[in-house]
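The values are calculated or read from the model by the stated rules, or taken from the named source; none is laboratory data. Given the structure is predicted, the values throughout are model-derived calculations rather than measurements. All Cβ positions, glycine included, derive from the backbone under ideal geometry; neighbour counts span all protein chains shown. The protein model used for the area step is the full one, side chains on, heavy atoms only, and it has no ligands, DNA or RNA in it. Shrake-Rupley method; radii C 1.70, N 1.55, O 1.52, S 1.80 Å.
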Amino acid sequence: MFRPLRIALMALTALPLVACSHHVRPKTEMSPSKITTIGVNSYLWRASLDTLKFMPLVQTDSNGGVIVTDWYVNPQAPAERIKLTVSILDQDLRADALSVAALRQVNQNGQWVAAPVRAATVQKLEDIILTHARDLRRASIQG
């Protein structure tokens, strides 16, 4: 009577070992918003570079997610210039994973003087980058 119980227990304890040898990992797909071969979200990174391509770049660090531009003077407003720092803070494609900081200077009597940045400027740049990143993601999913 104990022998069938002992055989059953031995079979049950050996079952996990057999199952481990034939273990097949289930395929898990990473969310397209999280696909990255760099340290930060690749859609936000690409969208940031695309958005700032008209400005001279001083520093780009894809692992740290930082883009720093040099001073840019708009030909239509030669008395003012702007410098931007874009920081990508996460691997997810989310609005709070992007931060834009801006410095603005105006030319007064041949000297560049610090001036306030319009509140809407930074928000508008973040919106442009996020919209472009979402478009890049949609395009990669569709084809």
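Counting other Cβ atoms within 10 Å, which chymotrypsin sites (Phe, Trp or Tyr not before Pro) in region 46-75 have at most 14 and lie in a DSSP loop?
Qualifying residues, ordered by number: PHE54.
Of the options ILE129, ASN107, ALA97, report the single residue whose Cα projects farthest towards the positive end of the charge dipole of region 87-143 (beta-carbon charges: Lys, Arg +1; Asp, Glu -1).
So the residue we want is ASN107.
Per residue, how much accessible area does region 93-143 show when a 1.4 Å probe rolls over the protein heavy atoms, in square angstrom?
Ligands and nucleic acids excluded, the figure is 66 Å² per residue.
Sort TRP45, TRP112 by accessible area with a 1.4 Å probe, largest first.
From most exposed to least exposed: TRP112, TRP45.
Ignoring any ligand, DNA or RNA, what whole percent of the accessible area of region 47-111 comes from carbon and sulfur when the probe is 1.4 angstrom?
Exposed carbon and sulfur together represent 46 percent of the surface.
Wrap a convex hull around the Cα atoms of region 93-135, take a quarter of its surface area, and give that in square nanometres.
Projected over every direction and averaged, the Cα hull of region 93-135 covers 3.6 nm².
Please report, in debye to the nearest 20, how large the charge dipole of region 49-90 is about its Cα centre when each Lys and Arg carries +1 at its beta carbon and each Asp and Glu carries -1 there.
160 debye
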